[in-house]
Amino acid sequence: MIPITVPTDPGPIHQLSLSGGGFRAAFFHLGALHALAAQGRLRELKMLVTISGGSIAAGFFFQEWLAAARKGAVSDDELAQCALRAQQALFRKSRHNPRLRALASVRALSSGLVRNEFGFSQAMARINRRWLGGLHKVASTGLWPAPLPEWRIACSDYAHGNRCVVVLGDKALPRQTDASYLTMKDLPIARAMASSSAVPGVFEPIRCGKHHLGDGGVLDNHGLREFDPSLGHATCIDASAPVLPMDPIDGWATPMRAMDLMMEQTRGDVLRARNCTLISLRDPVAQPSGLDWWTHLRALRTDLDDFAATEAHLLFLAGYQSAIGRPDIPTGCPPDMTALWRTMSEAAATELPKEQAQHLADARDACLDDLERGRHVLFAGMQKRSAASVMVTLGSLFMLSLTVVILFVLARLAWGFTIGHFPHAWRAMSSNALLVLGWAAGAAWLYWQFYTPRAGALFHNMRQWFGVLTGPLVLPALVTLSIALRLKVVAFSNRDLTAWARSALLRYERRRQMAALQREAQRAAQAAAQVPQTSATRQPLE
């Protein structure tokens, strides 16, 4: 067992780290930040260290914090609301499936035709910049507001085999000797965040001078190596999950499994050497409802895809409860979040009518089914073999096929309407001449965008020239694939049964409110009926 400190110390936090873990970690971190801010424990925060999904959570949190700081001093309650608004903003963005959008980028796919790697990390950097435009603007100027802590984004340097930390808002705090340090001038914040979450095998490392920066979780998934005893109380928010038995281990699961094992070993080594408070997803808070939804949360995927409302909101609640150590529910939150939390956390009333109790059970089952489906990265409906899940997955595949058909129809119509506007010389050209013209345009674009010759690397340069000359043959297929994946009709998520769970929750909530109103009306009627009887019994005594 690894000795840890449970989150019972109500004192201020001076050093805070947010672990990696994709969107699962990001939503959990924002819930914990909401609780810590409401308790006033972030007033004296000097340094925030983030890795992978923790960097995404910190980016949205700091953007809201900056917006609030422009209006004046930020109170504890307002800072807590910043974490809540960050969660809602991240949830809205996650519905667009950023991982799929990065993988569907034409530039990212075309990069693999010329270079030895695709450009998915660069695509994620462009997405980060669109998401966090306000934060990027402030970071690029170097005018980091004084109330905000120093932000350190931890990456792994594949070229030199050590940690590389990008510092924003440098406050001259102590630095470690086993890491290299960069500034926003060296690496913009959007690219730094993309580097920190560049999972090996999927996202390529981002180059910054002599550094090749990838997922910070490879060397330290918790950021504890950046802590310095001289800075004061240190706390780590840990959204990792224990390594569980897995069968089968093959195909795409093998490299990810190996990385999980490596991170688990690194976690144990670092925690044994560091003294800090640990707020962890691994330590569940018992729920009055008796439901064990924490186990499902720990098994959720560590991905950057579309998270369902059930997943995002329960992760936020789990982070909040982990930080305070009690099964309380945050106040002042949107009704849909509160309804979900009350349904999954609070104990059911004993006097519930049979029909209402059945609706509550159905709502809870729908939410748990949603969490169970969230374990799987692809084809969740086929792996969670309920009739509803399979139908949703088949429906998504049908929508994808329909999108491809619509795409070809639109392309045909566009060609028919636009060919009349071509110059007469173009319309008179033969098919072979048009193909040669298209090939030349594609080769010129690939050369201009991706060709990077190296001195003395003959084979490497020949490989790139081969990609430039043959890549135009594949470009039409890549463009078609990218457009098909980006069309709105495919936005129908193959894991999003939240509509089912949400409708069940809302039905139960409406029935609960109606039942409460009926009970209130009955009590009022009974009280009104008792008043004349009391007067009648007292009149003879007078």
Report task. Estimate the FRET efficiency between Asp283 and Ala433 by the formula 1/(1 + (r/R0)^6), using the beta-carbon distance for r and 60 Å for R0, to the nearest 0.05. Result -> 0.30
Query raised in the report: Using the count of nearby Cβ atoms within 10 Å as a rough guide to exposure, how do Leu481, Leu168 rank from fewest to most?
Result: Leu481, Leu168
Query raised in the report: Assuming R0 = 41 Å, what is the FRET efficiency of Gln526 and Ala299, from their Cβ-Cβ distance, to the nearest 0.05?
Result: 0.25
Query raised in the report: Taking 0.36 nm per intervening residue step and subtracting the Cα-Cα distance, what contour gain separates Leu458 from Ala361 on full extension?
Result: 28.2 nm
Requested in this report: With a cut-off of 17 Å, note down the residues of the stretch 73-107 whose backbone N falls inside the zone around a label point 7 Å from the Cα of Leu143 toward its beta carbon.
Outcome: 73
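Laboratory data are not the source of any read-out in this text; all were calculated from the coordinates shown. The structure presented is a predicted model; accordingly, all values stated were derived computationally and were not measured. Virtual Cβ from ideal backbone geometry, glycine too; neighbours counted across all protein chains shown.
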